[in-house]
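If you scroll down you'll find the structure; I have some questions about it.
The values are calculated or read from the model by the stated rules, or taken from the named source; none is laboratory data. Note that the structure is predicted; figures quoted are calculated from it, not measured. Methodologically, a virtual Cβ is constructed for each residue, glycine included, from the backbone with ideal geometry; neighbour enumeration extends over all protein chains shown.
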Amino acid sequence: MPKRTISELEKAEEKFDALISKRNKLNDEGGELRNVRDMLNEQKRKLLDETLEIKKTKDEKAAEMAAHKRARNELNAKAKELIQLKRELHKNAPDSDAYREIERLNREFEFLEMKQQTDTLSVQEENEVIQKMRQNLSERNGLLAVTRKGEEIVGRLEDINRKIDDLFEEAGREHESVTSLYAEVRALGEQMNSKMNEASILIGEADRKHREFIEKRDEADACHHEAMEMRSFILERRKERREKAAESRKAIQNQNFSVRRTLFDEKASEEEADKQLQELMKRGKISLR
């Protein structure tokens, strides 16, 4: 038996089936890549949402820290102004020599007063003592006025010192808040950077999966296009084969009809000859022409 050869149509059908199988496989692989890409994008979106929440908290903490920093700086500035005022007051405050001079004048006045009361003085001597006492009082009153102003200054200085201490204490509390909030802001910033780094990795991976998906999709589209061309070829060849088969069947039918007609005509002729032969036999005479 001769070996059967594969027809052009059978080869086309096999290639069509192979292309459809390859296309479906590529579509399945592309679908898996698309799913992975979408999963990575969802993780990325989640990370970005978390990052935005962290940023919102960080911005709020940073604004709060800035407010405490401004308050601290304002308090320190007020304290510095009071320190400058304190220095100015110190310049105008009496020194310790004024108090020592008052003590000296007090002792001198007591001495003159005792001398006036106990010593026997002439009118001139007593007038001299009285004059010295008056001069002593005048100098002492002048110094007392200076010392009273000094006491006022000292009082103001004490009040200023208390205010300075209060301002620095309050500024210290504000600075503690600034320091605490700075640590929180820095920690939140590190969290943001970590989230952004993760998101960046996911973005790169998602982009890579997307490119691979596009490649698979394009390859599947190319297979599909080639398969559709092959399908058109197959349908055309099948149509031609059907038409040829129909023509063959029609030719066979025509041939069979012709054969049957010929056989029928031959049979009719034989029957007519037999009939004539019988007639002649009956008459006793056979004529062959």
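Which residues, taken from the range 86-113, are at pLDDT 70 or above and either closer than 30 Å to ASN127 by Cβ or surrounded by 15 or more Cβ atoms within 10 Å (Cβ to Cβ) (or both)? Can you show your working first?
Taking the range 86-113 and keeping what is at pLDDT 70 or above, we get 86-88, 103-113.
Correct list: LYS86, GLU103, ARG104, LEU105, ASN106, ARG107, GLU108, PHE109, GLU110, PHE111, LEU112, GLU113.
How about the range 220-254: which of its residues are farther than 11 Å from PHE16 by Cα and of a type in the set (Lys, Arg)?
ARG237, ARG238, LYS239, ARG241, ARG242, LYS244, ARG249, LYS250
Please give the number of the condition ARG211 fails out of (1) more than 23 Å from ASP38 (Cα to Cα); (2) surrounded by fewer than 17 Cβ atoms within 10 Å (Cβ to Cβ).
(1) is the only condition that ARG211 fails.
Out of the residues in the range 37-70 that are of a type in the set (A, V, I, L, M) and within 16 Å of ALA187 (Cβ to Cβ), state the one that is nearest to the chain's Cα centre (by Cα). Step through it out loud before you land on a result.
As a first pass, look at the range 37-70 and keep what is of a type in the set (A, V, I, L, M): 39-40, 47-48, 52, 54, 62-63, 65-67.
Now restrict to residues that are within 16 Å of ALA187 (Cβ to Cβ): 54, 62, 65.
On the way: ILE54: 10, ALA62: 19, MET65: 23 Å.
This residue is ILE54.
Condition check ((1) acidic (Asp, Glu); (2) at pLDDT below 75) across all residues:
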{"site": "ASP119", "(1), (2)": "yes, yes"}
{"site": "ALA145", "(1), (2)": "no, yes"}
{"site": "GLU151", "(1), (2)": "yes, yes"}
{"site": "ILE164", "(1), (2)": "no, no"}
{"site": "GLU169", "(1), (2)": "yes, no"}
{"site": "THR179", "(1), (2)": "no, no"}
{"site": "GLN191", "(1), (2)": "no, no"}
{"site": "MET196", "(1), (2)": "no, no"}
